[in-house]
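Down below is the structure, laid out as structure tokens.
The values are calculated or read from the model by the stated rules, or taken from the named source; none is laboratory data. Treat the numbers as computed from the prediction; the structure is a model and nothing was measured. Positions of Cβ are backbone-derived with ideal geometry, glycine not excepted, and every protein chain shown enters the neighbour counts. Note: areas computed on protein heavy atoms with side chains; ligands, DNA, RNA excluded. Shrake-Rupley method; radii C 1.70, N 1.55, O 1.52, S 1.80 Å.
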Amino acid sequence: MRSRDRVRMSEDEVAAFLADHLKVQVASIGREGVPHLTTLFYVLLDGRIAFWTYGRSQKIRNLERDPRVSALVEDGTAYAELRGVSISGRAELVRDPDLVREIGLAVAVRMVGARTADDLGELGRDVVEQQVPKRVGVLVHPDRVASWDHSKM
């Protein structure tokens, strides 16, 4: 068996890994063809990485022009601890306020370690609500998923 096959995560392991982490590195393609890389908090929505960001951000401008996107969630320090999931695919831009709100609330819940949006309190929910008109949601539709877990070696 090739070493690459030994370290690959199963679909269940990928799902658990993505559910357990908070931040994703997202690469879009800039106007001049140079990758634009950012780190964002994310949630899983129907098994897909979802995040929200300002509608005037560079990443949204890039994704409007070219929806190709890469996303990376990784952890570990020592070589034998390295784990990660790399996703290449297409970004779906979400401008429906109800879905933007859903994504924003879910991200806020994860960011503060709450269980539900109710746990954010009225103030937390109000902050999210004030952001909805300024934000765009992004759903990452994967074409290719690569994973590794060096602890399997």
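Yes/no per residue for (1) surrounded by 12 or more Cβ atoms within 10 Å (Cβ to Cβ); (2) over 18 Å from the mean Cα position of the chain (by Cα); (3) not in a loop (DSSP other than H, G, I, E, B):
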position: ARG4; (1), (2), (3): no, yes, yes
position: GLU13; (1), (2), (3): yes, no, yes
position: ALA19; (1), (2), (3): no, no, yes
position: VAL26; (1), (2), (3): yes, no, yes
position: GLU32; (1), (2), (3): no, yes, no
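Evaluation of ARG31 against the conditions (1) at pLDDT below 95; (2) under 24 Å from GLU129 (Cα atoms) shows that the sole unmet condition is (2).
Of all the criteria given as (1) within 19 Å of VAL145 (Cα to Cα); (2) more than 17 Å from the chain's Cα centre (by Cα); (3) open to solvent by less than 50 Å² (accessible area, probe 1.4 Å), the one not satisfied by LEU45 is (2).
For the stretch 127-135, the criterion of a residue being open to solvent by 30 Å² or more (accessible area, probe 1.4 Å), modelled with pLDDT under 95 and among the hydrophobic types (A, V, I, L, M, F, W, C) is satisfied by at least one position. Of all the criteria given as (1) in contact (Cβ under 8 Å) with a residue 60 or more places away in the chain; (2) part of a helix (DSSP H, G or I); (3) surrounded by fewer than 19 Cβ atoms within 10 Å (Cβ to Cβ), the one not satisfied by VAL145 is (2). Every condition in (1) within 14 Å of the chain's Cα centre (by Cα); (2) in a strand (DSSP E or B) holds for ILE103 except the one numbered (2). Taking the conditions (1) open to solvent by less than 20 Å² (accessible area, probe 1.4 Å); (2) closer than 18 Å to LYS23 by Cβ in turn, ASN62 satisfies each one other than (2).
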